[in-house]
Amino acid sequence: MSAGVAMKKKSVEPIPMMDYGQLRRARKLVHECCNYDNGRCIALDEGDGCVCVQSISHSVLCRWFRCAVLPLDRELEAALFHRLERKKCSVCARLFLPGSNRAKYCPDCAERMKRKHAAERKRKQRRICHALGLEKAL
């Protein structure tokens with residue numbers, strides 16, 4: 001067997017296309033990129049001005065944008081790259097990327113719901129304890 005046959009092919013993910021709303025959100029994020037300078041890309045600049053590819057594209061082409069800037073907007077990242085893995089939050093109905101298969105809430109709502117359920121649990125515990133009355137002292 002030759003060495004070329006034994007090597008595995010890299011699986012190339014398809015480049016996701018954005019709808020108009022996603023495009024607007026991505027263009028706002030482009031300004032957060034450290035390589036962005038007044039519509040030009042410093043990373044691609046070789047002496048002559050080079051337009052930022054991500055600011056004019058309807059898809060995610062820039063690897064730096066994908067790795068460093070897009071995680072700033074988790075909802076947009078989940079919508080573009082984790083289409084099959086994302087879930088809808090039970091409280092706010094936003095899409096999020098779950099950490100496990102049991103996740104029901106987005107990270108923002110998860111903290112609130114954790115506090116709410118803990119308060120309900122403690123209320124129930126106190127109600128049962130106080131319901132015993134004098135028998136508790138024995």
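The values are calculated or read from the model by the stated rules, or taken from the named source; none is laboratory data. Just so we're clear, the structure is a prediction, and the values are computed from it rather than from any experiment. Neighbour counts run over all protein chains shown; Cβ positions are idealised from the backbone, glycine included.
Numbers below:
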quantity	calculated
The stretch 85-123: number of residues that are part of a loop (DSSP other than H, G, I, E, B) and of a type in the set (A, V, I, L, M)	4
Residue within the stretch 33-53 that is touching a helix residue (DSSP H, G or I) at 6+ places or on another chain (Cβ under 9 Å), in a helix (DSSP H, G or I) and modelled with pLDDT under 80 present	yes
